[in-house]
Every structure is written in structure tokens, then in C-alpha cells.
Amino acid sequence: MKKQYLYPQNMRTQTKLWLWSLKDIIILGIALTISVVSWAKLGFIIPAALTAVYAILTMRMDENSILDYIKCAWRYLISTQQYFEWRES
């Protein structure tokens with residue numbers, strides 16, 4: 001009996017779990033733990049709000065997220081120098 005293996009179409013894609021990449025799930029888990037502890041012990045809700053904002057910004061739909069768009073816009077508009085060269089044809 002021959003075994004049949006199924007492979008994804010693109011082997012370079014990131015691993016995803018629900019709507020987030022695996023790296024984002026780990027970051028969200030750590031941030032959520034810190035948020036719950038700070039909220040329960042100190043009554044400090046700001047870490048929970050920041051965790052929720054990060055969770056929304058890192059949701060991936062069709063390999064795109066809002067955070068990726070914000071990073072690209074920041075690089076294009078603010079942090080990277082634009083270089084133009086004008087020549088006569």
C-alpha cells in the first residue's frame with residue numbers, strides 16, 4: 001500500500017492558527033497573561049487594552065494585516081528617504 005502525502009501549494013507560507021500567525025499567537029498569549037495579572041492584582045486595565053489593539057492589528061486575511069500596512073506606510077512616508085532621478089529622454 002502506497003502512502004499519499006498532502007502538501008500545501010506554497011511551502012514558504014507562515015503557519016497560521018485561526019486568524020493570526022504562530023508568532024503573533026505566542027506574543028498575544030504572553031501579553032494576555034500579563035494583562036490578566038495586572039488587571040486582577042492592580043486594577044490596571046491599560047495592558048489589556050493594548051493587547052486587544054495588538055490582536056486586532058495583527059489579524060491576517062489573505063496574508064495581509066493592518067500592522068503590515070502601517071509598517072509599510074511608515075517606511076514609505078517617514079523613515080526611508082525617497083530618491084528620484086530626473087533625466088531627459
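What follows is calculated from the coordinates using simple rules that are stated; it is not laboratory data. On a predicted model such as this, the values are computed, not experimentally measured, just so you know. Positions of Cβ are backbone-derived with ideal geometry, glycine not excepted, and every protein chain shown enters the neighbour counts.
Miscellaneous remarks
- Working from Cα pairs under 8 Å separated by at least six residues, relative contact order for the chain is 19 percent.
- Modelled spin labels at Met59 and Trp39, positioned 7 Å past Cα toward Cβ, are 1.8 nm from each other.
- Residues Thr80, Thr58, sorted so that the one with the fewest Cβ neighbours within 10 Å comes first: Thr80, Thr58
- 3J(HN,Hα) along region 60-71, derived from phi through the Karplus expression 6.51 cos²θ - 1.76 cosθ + 1.60 where θ = phi - 60°, amounts to 10, 10, 6, 6, 10, 9, 5, 5, 4, 5, 5, 4 Hz, with x in place of Gly and Pro.
- Gyration tensor (alpha-carbon) shape descriptor, the chain, a/c threshold 1.5: oblate
- Estimated purely from DSSP H runs of n ≥ 4, each contributing -39500 (n - 2.57), the mean residue ellipticity at 222 nm for the chain is -15000 deg cm²/dmol once divided by its residues.
- Of the chymotrypsin sites (Phe, Trp or Tyr not before Pro) found in region 1-86, those in coil by DSSP whose Cβ has at most 15 other Cβ atoms within 10 Å are Tyr5, Trp18, Phe44, Tyr83, Phe84, Trp86.
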